[in-house]
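Below is one structure, written out as structure tokens, with a few remarks after it.
The values are calculated or read from the model by the stated rules, or taken from the named source; none is laboratory data. Just so it is clear, the structure is predicted and the values come from calculations on it, not from any experiment. No Cβ is skipped: glycine too gets one built from the backbone with ideal geometry, and neighbour counts run over all protein chains shown. Areas reflect the complete protein model, heavy atoms only, side chains present, ligands, DNA and RNA absent. Shrake-Rupley method; radii C 1.70, N 1.55, O 1.52, S 1.80 Å.
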Amino acid sequence: MTARVYLKPPWMQRHIANRLVPLFQRSMISRLTVKGRRSGRERTFPVAVLKHEGERYLVSYRGLSDWALNLRATSEGRLTNRGRAEDITVEEVPEADRPPLLAAYRERYNGMPTVAGVLDALPNPADHPVFRIHT
């Protein structure tokens, strides 16, 4: 069994910023609701949807996060942005196809305080689950 590679966000980001950013950055941040892989209860997480070459992606830039593990287990969830909810299904992008998506994610979201630092700390594309969104 391999170790879970994940950079846990600092307390301030987890408990304050993650609640406020969706309110102030509505064009940038969506809410992903996905069933817990063990509990079956719905969990909601702030995510940035990457639009790249006509497709949409969810990138777990901090590594193998809980939402990525849950999404990997269920392959479906609900995205909410600006009050609009859509049910989605996803497929995980193979590791070999991730580098250009991670580069696009870095370029698009580099202005967010932790993105560049986390991607520098975890340079291996295998450490970042990426999911292609289907509606």
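The set of residues in segment 87-119 that are in contact with a strand residue (DSSP E or B) (Cβ under 9 Å, 6 or more places away or on another chain), closer than 18 Å to S30 by Cβ and open to solvent by 50 Å² or more (accessible area, probe 1.4 Å) comprises D87, T89, R108. Among the criteria (1) of a type in the set (A, V, I, L, M, F, W, C); (2) open to solvent by less than 40 Å² (accessible area, probe 1.4 Å); (3) more than 20 Å from Y6 (Cβ to Cβ); (4) part of a helix (DSSP H, G or I), the one I133 does not fulfil is (4). Across segment 119-130, the number of residues qualifying as more than 12 Å from D97 (Cα to Cα) and part of a loop (DSSP other than H, G, I, E, B) comes to 3. For segment 49-95, a tally of residues being in contact with a helix residue (DSSP H, G or I) (Cβ under 8 Å, 6 or more places away or on another chain) and part of a helix (DSSP H, G or I) returns 1. Quick check: anything in segment 74-96 over 20 Å from L32 (Cβ atoms), at pLDDT below 95 and not polar (S, T, N, Q)? Checked segment 74-96: no residue is over 20 Å from L32 (Cβ atoms), at pLDDT below 95 and not polar (S, T, N, Q). All of (1) without any contact (Cβ under 8 Å) to a residue 40 or more places away in the chain; (2) part of a strand (DSSP E or B); (3) surrounded by fewer than 16 Cβ atoms within 10 Å (Cβ to Cβ) hold for R38 with one exception: (2). Would you be able to say whether some residue in segment 60-68 is of a type outside the set (G, A, S), under 16 Å from R132 (Cβ atoms) and open to solvent by less than 20 Å² (accessible area, probe 1.4 Å)? Among the residues of segment 60-68, not one is of a type outside the set (G, A, S), under 16 Å from R132 (Cβ atoms) and open to solvent by less than 20 Å² (accessible area, probe 1.4 Å), which makes the answer no.
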